[in-house]
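Okay, structure first, notes after.
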Amino acid sequence: MHQTLKNIFGYDEFRPGQEQPISDLLAGENVFCVMPTGAGKSLIFQIPALMGDGLTIVVSPLIALMSDQVSALKLLGAPAEALNSTVSPEDNERIWRSLRAGETKLLYMSPERLMNGSTLDVMRSLNVKMIAVDEAHCISQWGPSFRPEYEMLCELKTHFPHAPIVALTASADEVTRKDIAAKLFGNDVKVYVSGFDRPNISLAVSPKQGWQNQLAAFVKTRKGDSGIVYCLSRKKCEVAAQVLNGLGHNALVYHAGLDKYTRDKNQKQFVKDPGVIMCATIAFGMGIDKPDVRFVFHTDLPSSMENYYQEFGRAGRDGDPADCEMLFGMGDIRMRRQFIEEDGADKALTRRAHKRLDRLIAYCEAPTCRRRSLLAYFGEDSKPCNNCDVCLDPIELKDGLREGQMVLSAILRTGQRFGPAYICDILVGANTKRIRDFGHDKLPTWGVGKQHKKPSWHSIIRQMVAAGFVRLDIAEYGGLSMTEQGKKLLRGIAEFSYRPQFTKNVSPAKPVKVKRAANPKLAEQGLSEAELELFARLKEARSSLAQKQNVPAFMIFHDKTLRDMARKRPKSVDDMASVHGVGKAKLQRFGTTFLDVLNIN
């Protein structure tokens, strides 16, 4: 294990959470790993795949992901191939010859390609020693309606009874983890959850008021940074790119409405070129292995905590500081609820989707550390992070005893069966036909909350749901009812504080300014002035090599490797072998080029 890690990948030791799953796979055990993006999930199957004989099949959802991983492995001297629709007939024939000869050790395929009957027949005739299912959350979240072959992966154990299976994902809550363990492994699996924290990423949420101005303010100090701007609609992607290009940034667009050639061209340019901002729908992102994305900006509310975690997790994969900001407005909630209802899923899945959205809304309105709220969702406890907008600029909470009692009184007096919108109407004294028909305009609670506008009451009710004072009935018609904790608040023996921030009227001309938590240039801290100059020259050499090889620069060497070179200043090939991330194949191919730069007098 350690010899393979050093010789091929150039690393002296495993990262936390890698070694035991690899040992289990080598012992023939099934493994399910949930690890943060950038924590080195791929090594868990790549190391055992490269040890000894036999073929490892890697099931991957996207062609771009396959291509990038295979290109990176080939630069390391590893025998890896991919079979997909982009492979030419000549290459297809070459790959099959290599497979039959036992020369290829890693084969990347989509679930659709693998689970095809004729492909399975051929694969069963080969020496398949292991199967890796990447982005495994798709088994639970995409399911039979979107990618039916992901559901068919549950039959892998039948087709390959002697091959251990490893499933990997960066985002799966407890419900999703149990679903995957049952479907893919029949619960015969060792599950490793290595943590979800990405401490290098700063998190911020702002009220949505003039998103174009807010986006412009956010990118103002980020010229030359690579980033992703997520938008809910195709049209908004186009507008966002126009705004950014008008400000002198290099922005591209990616969404399902573009033709395949344009999508592929834009994606390749984003991955290979520095300083590109991609304005995209959620169609973009999974498997994009670009380590130096310095920011992710959401112009709209994502659909769930898992999706939000996946999307902002595309930033800072190199471990250097990155910033993520989300804009959040009432209209987003309405749109998301509508999407859930129109999805056509069964009642149980629809209810689960609403609950996940509720939890994301509670995160947006969290009165305390965002990271704590995020990690709590995935079952982790943590201390305040000092790297989110709430920690850096603490919110002044307001005592909400009186407001909470007003809400609970309105819920109780109307029979605990009406939804948030109706309760808000009661509190502000709305004179609607529905209220008059029920006679609720005669209630003592009608109009008692006129000091707040309806958006404020909506926010307060959501925070009360998040705090456990009120229950939202997702299963039926979204009625509100009082919990045991709510009864205590109504009697005045419990406390409730709320954040008024998202109820303020923010002028579109003055976008909310979130204190920036991290300076991306801090990545070079610890380098002397001379080392910084050397680092810059090494990056130039890397860029030149990448252009010749037609691969992204990071596939040659990561920034961390170049910084280590600048510090150590190796004088010989043997010295270069001690640099972090320099394996045998890359040492032979690129070592001399970088030694020449390092030893210029």
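Bear in mind that the values in this text are calculations on the coordinates, not laboratory data. Bear in mind that the values here come from a model prediction, so they are computed numbers and not experimental data. Cβ: placed from backbone, ideal geometry, glycine included. Neighbour counts: every protein chain shown.
Based on other C-beta atoms within 10 Å, arrange Tyr11, Tyr261, Tyr150, Tyr254 from fewest to most.
The most exposed by this proxy come first: Tyr261, Tyr11, Tyr254, Tyr150.
With the dipole of the chain worked out from charges on the C-beta (+1 for Lys and Arg, -1 for Asp and Glu) around the Cα centre, which of Val243, Leu76, Ser578 lies farthest toward the positive end?
Val243
Rank by packing, highest mean first: peptides 308-315, 399-406, 430-437, with packing defined as the count of other Cβ atoms within 10 Å averaged across residues.
308-315, 399-406, 430-437
If the only charges are +1 at each Lys and Arg Cβ and -1 at each Asp and Glu Cβ, what is the size of the charge dipole of region 398-498 around the Cα centre, to the nearest 20 debye?
Roughly 240 debye for region 398-498.
From the helices alone, meaning DSSP H stretches of at least four residues, give me the mean residue ellipticity at 222 nm for the chain, per-run term -39500 (n - 2.57), in deg cm²/dmol to the nearest 500.
-13000 deg cm²/dmol
Report, in debye and to the nearest 20, how large the dipole of region 79-233 comes out about its Cα centre when Lys and Arg carry +1 and Asp and Glu carry -1 on their Cβ.
In debye, rounded to 20, region 79-233 gives about 420.
Check the straight Cα-Cα distances from Lys265 and name the aspartates and glutamates below 13 Å, setting aside those fewer than 8 residues away within the same chain.
Within reach: Asp273.
Under 20 Å from the Cα of Lys586, which aspartates and glutamates turn up, not counting those fewer than eight places away in the same chain?
Within the straight-line cut-off, Lys586 pairs with Asp12, Glu13, Asp68, Glu81, Asp289, Asp318, Glu540, Asp559, Asp564, Asp574, Asp575, Asp596.
Where does each of Arg94, Arg372 land when they are ranked from fewest to most other beta-carbon atoms within 10 angstrom?
Fewest to most other Cβ atoms nearby, the residues stand as Arg94, Arg372.
So how far apart, in nm, are the two label points at Glu529 and Glu103 if each is 7 Å from Cα heading toward Cβ?
5.4
Given a Förster radius of 35 Å and the C-beta distance between Lys74 and Leu397 as r, what FRET efficiency does 1/(1 + (r/R0)^6) yield to the nearest 0.05?
0.05
Note down the relative contact order for region 317-442 as a percent, whole number, built from C-alpha pairs under 8 angstrom at least six residues apart.
Once normalised by length, the contact order is 12 percent.
Hey, rough spin-label estimate for Lys265 and Glu341, points 7 angstrom out along Cα→Cβ, what's it come to in nanometres?
It works out to 4.2 nm between the two label points.
Check Phe328: other-chain or 5+ apart residues with amide H under 5 Å from its amide H, H built from backbone geometry?
Ser206, Lys208
Would you grab the residues whose amide H sits under 5 Å from the one on Val166? Only those 5+ places off in sequence or on another chain, please, with H modelled 1.01 Å from N.
For Val166, the qualifying residues are Val31, Ile131, Ala132, Val133.
Taking the Cβ-Cβ separation of Glu484 and Glu90 as r and a Förster radius of 51 Å, what is the calculated FRET efficiency to the nearest 0.05?
Efficiency, rounded to the nearest 0.05: 0.15.
Say the dipole of the chain comes from +1 at the beta carbon of Lys and Arg and -1 at that of Asp and Glu; which of Ala410, Pro274, Gly52 then lies farthest toward its positive end?
Ala410
Putting +1 on Lys and Arg Cβ atoms and -1 on Asp and Glu Cβ atoms, find which of Phe328, His354, Phe312 reaches farthest to the positive end of the dipole of region 311-365.
His354
Please list 3J(HN,Hα) in residue order for region 109-119, calculated via the Karplus relation 6.51 cos²θ - 1.76 cosθ + 1.60 where θ = phi - 60°; whole Hz, with x for glycine and proline.
Listing the rounded values in order: 8, 7, x, 4, 6, 5, 7, 5, x, 5, 5 Hz.
What ³J(HN,Hα) values, in whole Hz, does the Karplus curve 6.51 cos²θ - 1.76 cosθ + 1.60 give for region 254-263 when θ = phi - 60°, with x put for Gly and Pro?
Going residue by residue, I get 9, 7, 5, x, 7, 5, 4, 4, 5, 4 Hz, with x marking Gly and Pro.
In region 407-430, which residues have a backbone nitrogen under 13 Å from the label point lying 7 Å from Arg351's Cα in the Cα-to-Cβ direction?
Under cut-off, by backbone N: nothing.
For the chain, what relative contact order do you get, as a whole percent, if you take Cα pairs closer than 8 Å and at least 6 residues apart?
14
My understanding is that a pair violates if its Cα-Cα distance is over 28 Å; which of Lys208/Lys539; Lys208/Lys450; Lys383/Lys487; Lys290/Lys347; Lys6/Lys41 do that in this structure?
Listed pairs above 28 Å: Lys208/Lys539; Lys383/Lys487; Lys290/Lys347.
To the nearest 20 debye, what charge dipole does region 201-392 have about its Cα centre, counting +1 at the Cβ of each Lys and Arg and -1 at the Cβ of each Asp and Glu?
In debye, rounded to 20, region 201-392 gives about 180.
Among Ser125, Ser67, which comes first, then next, by fewest other beta-carbon atoms within 10 Å?
Ser125, Ser67
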